[in-house]
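Participant: Sharing a structure, written as structure tokens. Questions coming.
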Amino acid sequence: MDERANKMSGSAMATYADCAGKFQLEITCPPSEGGAAADMGTRIHAYLAGEEITLNDEEQGIADRCEAEYGEILETLDFGAPDHVTVEKRLWYGDIWSGQIDLILHWGDKVLIIDWKTGRVGTGNAAADNIQLRAYAVLVRKNLNIKEAYVAIVQPMAQKYTIAHYDESDLIAAETQIQGIVEAAMHPEAPRTPSPSACKYCRAKAICPEAGGVTSELAVFTPAQVPALSNESIADFLEKADVVEAFIEAIRDEAKTRLLKGEEIAGRKLQAGRTSRSIEDLSGAFERLGIDSDQFLSACKVSVPSLEKIFAASNDMKPKEAKAKLEELLSEVLVTKTGSPIMVRQK
């Protein structure tokens, strides 16, 4: 059951700012069925919310890193024990829009709002510039009568956490900005403006005429023409390419959905997915195999964040202290790797 009831979402507020017409086109489409990445994110969020759920090794590693960064945030702010904690709470701004907030810690009329991001692609901006968190701060002020808010994005697989502070005047200004975005999106003639950020998770991109138009613009070019393009044209086409990739992904997802329902798509069929294997009980596996311990350990991969968490608990250390001490103790065996350069957007 959709708690939002086809109303605007605080988590999508930044995309409404980028494309005012997105919301009204999206509500004509069925809800997204998600995928493997979304399902993994849901399980990790449930675990972080305190639900009794068993995660696989990859998910547990991400959850541990989230908790480690969360510990660092609490240590940095140093507010002491909160008066109370709110977990996975949906708050409403009237009956117009809402947001389900991962974690709120309360100290009188001051709060800390945490948003978990478990994917490998970051938001691309700091907490101070994050419109989703700004919307959440507005919701918390309206519903909980606060005067001060700290907001933090925890996204350990993509970039280091960041924290932003809103005093009462900041919260009032934020409310004005967010309400401006909402009013523009609710306008009957709200324009649709395709962009990588607006189109990426838009469930209407497969039927959006404007997104389809960008695809048509690129279709007239051949790979042989690319080397002759100017740097300015390359920059322009990179923006368009991101929109087109999102459009193509939506088409493929829709085709797969229809095939799963038993419909026919000319030239396409489904085949069995790849299988994966993992061992959840390492000690049990070691006992059953009866092989040399060094050989067994050579086949095992250690989650460094999980090890840091265990080390901190065993030695009654704070996360930062434990991380530094563990790196010191394991300096000869701890390997840090840096991948090849990746192209990112300039802020």
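Participant: What is the number of the single condition among (1) open to solvent by 100 Å² or more (accessible area, probe 1.4 Å); (2) within 27 Å of ALA158 (Cα to Cα) that LYS320 does not meet?
Facilitator: Only one criterion in (1) open to solvent by 100 Å² or more (accessible area, probe 1.4 Å); (2) within 27 Å of ALA158 (Cα to Cα) is unmet by LYS320, namely (1).
Participant: In addition: Looking only at segment 90-101, filter to residues that are open to solvent by 10 Å² or more (accessible area, probe 1.4 Å) and within 19 Å of ALA46 (Cβ to Cβ); which one of those is nearest to the chain's Cα centre (by Cα)?
Facilitator: So the residue we want is GLN100.
Participant: Determine which member of the set GLU217, GLU232 is at pLDDT 80 or above, open to solvent by 60 Å² or more (accessible area, probe 1.4 Å) and charged (D, E, K, R).
Facilitator: Only one candidate qualifies: GLU232.
Participant: Continuing with the same structure: Just the residues that are modelled with pLDDT of 95 or more and among the hydrophobic types (A, V, I, L, M, F, W, C), please, taken from segment 155-174.
Facilitator: ILE163, ALA164, LEU171, ILE172, ALA173, ALA174
Participant: Restricting attention to segment 45-70, which residues are of a type in the set (Ser, Thr, Tyr) and on the phi > 0 side of the Ramachandran plot? Steps first, answer last, please.
Facilitator: Just the residues of segment 45-70 that are of a type in the set (Ser, Thr, Tyr), to begin with: 47, 54, 70.
None - no residue of segment 45-70 is of a type in the set (Ser, Thr, Tyr) and on the phi > 0 side of the Ramachandran plot, so the list stays empty.
Participant: Shifting gears a bit: Can you run down the residue pairs with Cβ atoms below 7 Å, 6 or more apart or on separate chains, where the first is in segment 19-38 and free of Cβ contacts under 8 Å to residues at least 40 places away in the same chain and the partner is open to solvent by 20 Å² or more (accessible area, probe 1.4 Å)?
Facilitator: ILE27/ASN6
Participant: Just wondering, is there one or more residues in segment 294-309 that are more than 27 Å from the chain's Cα centre (by Cα), in a helix (DSSP H, G or I) and surrounded by 11 or more Cβ atoms within 10 Å (Cβ to Cβ)?
Facilitator: Checking segment 294-309: at least one residue is more than 27 Å from the chain's Cα centre (by Cα), in a helix (DSSP H, G or I) and surrounded by 11 or more Cβ atoms within 10 Å (Cβ to Cβ).
Participant: Has segment 135-153 got any residue that is open to solvent by 20 Å² or more (accessible area, probe 1.4 Å) and in a strand (DSSP E or B)?
Facilitator: Among the residues of segment 135-153, at least one is open to solvent by 20 Å² or more (accessible area, probe 1.4 Å) and in a strand (DSSP E or B), which makes the answer yes.
Participant: Kindly indicate the residue of segment 54-89 that is assigned to a loop (DSSP other than H, G, I, E, B) and touching an Asp or Glu at 6+ places or on another chain (Cβ under 9 Å) and also least open to solvent (accessible area, probe 1.4 Å) among those meeting that condition. Can you show your working first?
Facilitator: Let us first name the residues in segment 54-89 that are assigned to a loop (DSSP other than H, G, I, E, B), namely 54-56, 78-83.
Keeping just the survivors that are touching an Asp or Glu at 6+ places or on another chain (Cβ under 9 Å) gives 54, 56.
Numbers: THR54: 107, ASN56: 60 Å².
Among those residues, the one meeting the criterion is ASN56.
Participant: Sticking with this one: Mind listing just one residue for me: the one in segment 263-284 that is at pLDDT 90 or above and in contact with a helix residue (DSSP H, G or I) (Cβ under 8 Å, 6 or more places away or on another chain) and, of those, least open to solvent (accessible area, probe 1.4 Å)?
Facilitator: ILE265
Participant: Another question, if that's okay. Yes or no: segment 202-224 includes at least one residue that is hydrophobic (A, V, I, L, M, F, W, C) and under 30 Å from GLU69 (Cα atoms).
Facilitator: Yes, segment 202-224 has at least one match.
The values are calculated or read from the model by the stated rules, or taken from the named source; none is laboratory data. Because the structure is a prediction, the values reported are computed rather than measured. Cβ: placed from backbone, ideal geometry, glycine included. Neighbour counts: every protein chain shown. Surface areas here come from the heavy atoms of the whole protein model, side chains and all, with no ligands, DNA or RNA. Shrake-Rupley method; radii C 1.70, N 1.55, O 1.52, S 1.80 Å.
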